[in-house]
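Q: I am attaching a structure below and will ask some questions about it afterwards.
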Amino acid sequence: MGFELSMKDYASYMVKAYTKIHENKEYITDLDLATGDGDHWANMDMGFGKISENIKNIEAMSLSEGMKEIGKTMMSVIGGSSGVLYGSAYLAAAKTLKEVELLDRESLYEVLKAMLEAIMSRGQAKAGYKTMIDSLYPAVKAYEEALRENDDDKTLCEKVKKAAIDGANETAKMEAVKGRATYQADKGVGHLDPGAVTMSYQLVCLMEAVEEKL
Ligand SMILES: [Mg+2]
């Protein structure tokens, strides 16, 4: 059978992701001050906060409408490149869900893959550029591998979480290819990318939401 997530489940995941981001204010801001302009946490917190305020409306929507609403909110509330990238990711996810009432292991994979492709294309970036992609890309690859190997849902969740966290940690070794960190002499080497870390928070919370259904 496998797991099934409704829009209400996804909405409650969004609130948990907001809590996770919200409680890491200092950590994320310090990471961003080391290589960027220090506003990443504030932007993300504002976007996820706005979505959480509107959660009663969102959870009553279809998956496709709910994802679209989340995308529009992110696009208008989150400043900087993150807003456009997350906005595009959610609008792309909404398109994959037109006929879908519940997220299962295949449709959730399609959602994450669509998000990854949207972020790579809109950001003109790929894995290894020291961005949010460095957590999402390995997570999608791990998901793909778990599907191919027919892993059970619990194993799938563990693999995706580990790939997301390891991927974010790997950014410490990477040289930035885009953004402010490229202006620094060391191109940010030695520092984690804050966007990859907040992406890993979301992926871990999402997989935990799946695990609650098992
Ligand atoms: Mg910034």
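Results for (1) surrounded by 16 or more Cβ atoms within 10 Å (Cβ to Cβ); (2) closer than 23 Å to Thr171 by Cα; (3) polar (S, T, N, Q), shown as yes or no for each residue.
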| position | (1), (2), (3) |
| --- | --- |
| Tyr13 | yes, no, no |
| Ile28 | yes, yes, no |
| Asp39 | yes, yes, no |
| Asn43 | yes, yes, yes |
| Lys56 | no, no, no |
| Lys68 | yes, no, no |
| Gly71 | yes, no, no |
| Ala94 | yes, no, no |
| Leu103 | yes, no, no |
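Rundown of residues vs (1) without any contact (Cβ under 8 Å) to a residue 24 or more places away in the chain; (2) surrounded by fewer than 23 Cβ atoms within 10 Å (Cβ to Cβ); (3) within 16 Å of the ligand (Cβ to nearest atom), yes/no style:
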site	(1), (2), (3)
Asp151	yes, yes, no
Leu156	no, no, no
Thr182	yes, yes, yes
Asp186	yes, yes, no
Pro194	no, no, yes
Ser200	no, no, no
Ala209	no, yes, no
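Q: Would you mind finding the one in Lys113, Lys173 that is in contact with a helix residue (DSSP H, G or I) (Cβ under 8 Å, 6 or more places away or on another chain) and either closer than 24 Å to Ala34 by Cα or modelled with pLDDT of 95 or more (or both)?
A: Lys113
Q: Now for a separate question. Can you tell me which residue in region 15-26 is most open to solvent (accessible area, probe 1.4 Å), limited to those that are assigned to a helix (DSSP H, G or I) and away from the ligand (no atom under 16 Å from the Cβ)?
A: Once the filter is applied, the top-ranked residue is Glu26.
Q: Of all residues in region 105-141, how many are surrounded by fewer than 20 Cβ atoms within 10 Å (Cβ to Cβ), charged (D, E, K, R) and outside any helix (DSSP H, G or I)?
A: 1
Q: When Glu175 is evaluated against the numbered criteria (1) under 22 Å from Tyr86 (Cβ atoms); (2) surrounded by fewer than 16 Cβ atoms within 10 Å (Cβ to Cβ), which criterion, by number, is the only one it fails?
A: Unmet condition: (1).
Q: Can you go through Ser76, Ser52, Ser88, Ser64 and tell me which one is at pLDDT 95 or above, polar (S, T, N, Q) and in contact with a Leu (Cβ under 7 Å, 6 or more places away or on another chain)?
A: Within the list Ser76, Ser52, Ser88, Ser64, the selection yields Ser64.
Q: Looking at (1) within 12 Å of the ligand (Cβ to nearest atom); (2) at pLDDT 95 or above, which is the one condition that is false for Gly38?
A: Checking Gly38 against (1) within 12 Å of the ligand (Cβ to nearest atom); (2) at pLDDT 95 or above, the one that fails is (2).
To keep it simple, each residue is scored yes or no on (1) of a type in the set (Val, Ile, Thr); (2) assigned to a helix (DSSP H, G or I); (3) under 25 Å from Val100 (Cα atoms).
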| position | (1), (2), (3) |
| --- | --- |
| Gly47 | no, yes, no |
| Lys50 | no, yes, no |
| Asn57 | no, yes, yes |
| Met61 | no, no, yes |
| Glu65 | no, yes, yes |
| Ile70 | yes, yes, yes |
| Met74 | no, yes, yes |
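Q: Further question on the same structure: Can you say whether Leu85 is away from the ligand (no atom under 16 Å from the Cβ), assigned to a helix (DSSP H, G or I) and open to solvent by 10 Å² or more (accessible area, probe 1.4 Å), as far as the supplied structure shows?
A: The answer is no for Leu85.
Q: Mind listing whichever residues of region 45-54 are touching a helix residue (DSSP H, G or I) at 6+ places or on another chain (Cβ under 8 Å), within 22 Å of Ser6 (Cβ to Cβ) and open to solvent by 20 Å² or more (accessible area, probe 1.4 Å)?
A: Those that are touching a helix residue (DSSP H, G or I) at 6+ places or on another chain (Cβ under 8 Å), within 22 Å of Ser6 (Cβ to Cβ) and open to solvent by 20 Å² or more (accessible area, probe 1.4 Å): Lys50, Ser52, Asn54.
Q: OK, next. Does Ser135 fit the bill of being in contact with a Gly (Cβ under 9 Å, 6 or more places away or on another chain) and in contact (Cβ under 8 Å) with a residue 40 or more places away in the chain?
A: Yes, satisfied.
Q: Pairs, please: C-beta under 9 Å, at least 6 apart or cross-chain, first residue more than 13 Å from Gly188 (Cα to Cα) and of a type in the set (A, V, I, L, M) and in region 24-44, second assigned to a helix (DSSP H, G or I) and near the ligand (Cβ under 7 Å from one of its atoms)?
A: So the pair list comes out as Ile28/His40.
The values are calculated or read from the model by the stated rules, or taken from the named source; none is laboratory data. Fair warning: this is a prediction, and the values are worked out from it, not measured in the lab. Using ideal geometry, Cβ is built from the backbone for each residue, glycine included, and neighbour counts are taken over all protein chains shown. Only protein heavy atoms, including side chains, enter the accessible area calculation; ligands, DNA and RNA are left aside. Shrake-Rupley method; radii C 1.70, N 1.55, O 1.52, S 1.80 Å.
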